[in-house]
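Here is the structure we will look at.
Here, each number is a calculation from the coordinates, and none is a lab measurement. Small disclaimer: the values here were computed from a predicted structure and weren't measured. Note that we place each Cβ from the backbone using ideal geometry, even for glycine, and neighbour counts take in every protein chain shown.
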Amino acid sequence: MDMEKVSDERGKIPDLMKIGSIPTDLSQDMDTEVLDPVVHNDNFCRFVLSNKGFLHSFSKITLGVKALATKEFSTFPAGVGVHSLIQRCALRIGTTTVAEIDDFNHWMGYKSMFIDMDTNLERETYLTGRVLAYRLDYNDTENDIDDINASNLYIKNNLEPVADGAGAATLEPNIFIQNQNSAVFSVSVADLFPFLRFNQLPLYMIDQQISIELHFQPADTLRRCCFENTGETTGGIFEIDQTQTKFISDYIYYDGDLMEQYRNQNKVMNWTYVDYRLAKRTITSTTLATKNTIDIGGAGRLVNRIITSLEFDAVADNSVLNAYHSTSPDMNGDNNGIATTNLIYNDNRLYPIDRSNNALHFHDLVQTEQNVPQITRDGFNREGLGVSATYKYNNYDLADEDKGVIGKHFYLGYRLNRNERVNSRGVQIELQYSTVKVGTYTHRSWLELVKSATLDNGKFSCDFE
């Protein structure tokens with residue numbers, strides 16, 4: 001009978017960790033705290049959280065760079081915004097690394113594709129500096145309504161392009177996102193650690209130190225900001241403005257004895273989540289033009305999906321997207337290049353026949369992410385003529401094959417479909433580009449691995465499944 005009472009009491013206590021609706025008779029209080037980093041320099045910072053309440057998953061970290069007189073019109077890359085500053089992020093509880101992502105700024109180049117364009121225009125422009133929304137380019141030069149068409153696109157930021165007198169026009173970035181005005185943006189902890197997007201961390205139940213670590217993109221690589229409009233390609237380093245680095249943490253509390261009851265009823269908590277591991281290597285154009293078998297790890301792990309990108313190293317600091325892109329095969333005259341790929345694990349191929357059709361590549365990406373990328377057709381694989389060559393954004397020609405967005409969103413997704421643990425050989429990717437520019441490329445693969453975590457009487461531990 002006593003056990004029935006205990007079970008009944010447990011049923012009355014909602015799961016406070018899960019993000020979602022709560023009972024209508026349950027009140028909720030919020031406390032906001034602005035934390036300075038305990039360690040901070042131009043390469044690294046660490047925040048230590050307070051062990052109280054539940055951490056709201058959309059708490060923010062604010063970041064900015066110091067203005068440079070020689071680069072007045074510099075901005076963060078159009079596709080990722082302020083995320084370009086973060087090379088690696090890690091959430092640690094005690095000595096345990098709960099979640100981390102390497103090359104986080106490149107990872108956000110992928111994730112940012114799935115943000116709705118209206119959201120980019122109306123919210124992300126102000127929060128993160130991402131501005132990759134498009135508007136229609138109407139051709140009404142003859143003032144004849146029957147001849148008006150809108151076959152091209154260019155970046156939309158609520159400003160009008162300024163004609164240069166030579167048949168082209170430049171669209172300036174909004175003044176409030178220019179670094180000369182000490183623009184400050186924010187990064188959500190739910191973006192840093194996908195584990196927190198669905199769980200509110202019970203900080204008050206953890207007896208260990210909880211810290212967030214950010215490793216910044218090196219300043220001397222010219223990959224923090226874009227500055228084509230300044231006319232300068234060298235000199236000057238964008239330093240982190242340490243006075244603006246803050247953690248705005250929101251702590252959630254519930255009324256009465258509910259939080260203490262929740263602690264008593266959940267002495268031991270277990271949950272499963274995903275974390276990401278990066279495999280990276282440099283490939284030459286000569287090697288890429290032949291069939292490659294690339295080892296990317298994952299041996300002994302449960303792998304749900306894999307995302308890959310291919311960065312053309314030569315266009316990093318001279319592109320509206322900076323280094324945070326994934327290039328598609330080059331054009332061969334008037335013909336599109338072909339990317340042939342497959343994935344091998346547990347001595348089997350993911351696809352019976354190698355994928356070489358761009359429509360299938362896009363389909364596989366949609367199935368992998370379970371979402372449709374908000375990008376143009378030519379932005380994915382150079383097909384069609386979606387982006388206008390008439391307009392420039394911040395002096396970047398959007399239709400230029402190097403400086404613009406053409407063929408710069410060619411990410412490949414693989415969803416492993418057998419729910420098997422990967423054997424000791426690991427996962428291999430086969431890749432070949434029929435046509436490539438001469439130079440070096442950086443190939444990245446993020447493996448989504450399954451992890452389990454346990455909170456036992458205030459002590460946190462986690463391991464791979």
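Of the options T341, Y253, N152, report the single residue whose Cα projects farthest towards the positive end of the charge dipole of the chain (beta-carbon charges: Lys, Arg +1; Asp, Glu -1).
It is T341, whose Cα lies furthest towards the positive end.
What does the extension gain come out to for E465 and R418, with contour length at 0.36 nm per residue minus their alpha carbon separation?
The span from E465 to R418 would gain 15.3 nm if fully extended.
Within a 10 angstrom radius of the beta carbon, how do C462, C45, C226 rank from fewest other beta carbons to most?
Fewest-to-most Cβ neighbours within 10 Å comes out as C462, C45, C226.
Farthest toward the dipole's positive end in segment 89-134, which of F104, G129, A90, given Cβ charges of +1 (Lys, Arg) and -1 (Asp, Glu) about the Cα centre?
Positive-end residue among those listed: A90.
Provide the net charge surrounding N304, with neighbours chosen by a C-beta distance below 13 Å and charges set as Lys +1, Arg +1, Asp -1, Glu -1.
Counting the neighbours of N304, the net charge comes to +2.
Which whole-number percent gives the relative contact order of segment 369-465, counting Cα pairs below 8 Å spaced six or more residues apart?
Worked out over segment 369-465, it gives 16 percent.
Pull up the cross-link candidates among the lysines for K52, meaning alpha carbon to alpha carbon under 26 Å and not fewer than 8 places away within one chain.
Output for K52: K12, K18, K60, K246, K267, K451, K459.
To the nearest 20 debye, what is the magnitude of the charge dipole of the chain about its Cα centre, counting +1 on the Cβ of each Lys and Arg and -1 on the Cβ of each Asp and Glu?
Computed charge dipole of the chain: roughly 1620 debye.
Which number do you get for Rg(Cα) / (2.2 N^0.38 Å) in segment 61-101?
The reported ratio for this selection is 1.64.
With unit charges on the beta carbons (Lys and Arg positive, Asp and Glu negative) and the dipole taken about the Cα centre of the chain, which residue among L360, L455, S434 sits farthest to the positive side?
Positive-most Cα among the choices belongs to L455.
Among H361, H325, rank each residue by its count of other Cβ atoms within 10 Å, from fewest to most, as a rough exposure measure.
If I rank by nearby Cβ atoms, fewest first, I get H361, H325.
Debye sum, Cα scatterers, segment 231-311, no solvent: what log₁₀ I/I(0) at q = 0.24 1/Å?
Reported log10 I(q)/I(0), two decimals: -1.18.
Of K71/K291; K71/K111; K66/K437, which pairs sit farther than 32 Å apart, going by alpha carbon to alpha carbon?
Checking Cα-Cα distances, K71/K291; K66/K437 exceed 32 Å.
Antiparallel versus total DSSP beta bridges in the chain: what percent is that, nearest 5?
95
Please give the net charge around L35, taking every other residue with its beta carbon less than 13 angstrom from that of L35, where Lys and Arg add +1 and Asp and Glu add -1.
0
About its Cα centre, how strong a charge dipole does segment 264-360 have in debye, to the nearest 20, once Lys and Arg get +1 and Asp and Glu get -1 at the Cβ?
In total the dipole reaches around 560 debye.
So what's the net charge close to S328: Lys and Arg +1, Asp and Glu -1, counting the other residues with Cβ under 14 Å from its Cβ?
With Lys, Arg at +1 and Asp, Glu at -1, the neighbours total -1.
How do the peptides 367-375, 410-418 rank, highest first, by the average count of neighbouring beta carbon atoms within 10 Å per residue?
Ranked from most to least packed, the peptides come out as 410-418, 367-375.
Residues of segment 262-282 with the amide nitrogen closer than 15 Å to a label point 7 Å from the Cα of T96, along Cα-to-Cβ, please.
267-275
Ranked highest first by the average count of other Cβ atoms within 10 Å around their residues, in what order do 27-34, 131-138 fall?
So the order, starting with the most tightly packed, is 131-138, 27-34.
Compute log10 of I(q)/I(0) for the chain with the Debye formula, placing one identical point scatterer on every Cα and leaving out solvent, at q = 0.06 Å⁻¹, to two decimals.
Reported log10 I(q)/I(0), two decimals: -0.30.
From the convex hull of the Cα coordinates of segment 28-81, what is the mean projected area in square nanometres?
6.1
Compute the distance in nm between two label points, each set 7 Å from the Cα along the Cα-to-Cβ direction, one at L159 and one at I294.
3.6
Where the only charges are on Cβ atoms (+1 Lys, Arg; -1 Asp, Glu), what is the dipole of segment 304-385 about its Cα centre, to the nearest 20 debye?
So the magnitude is around 260 debye.
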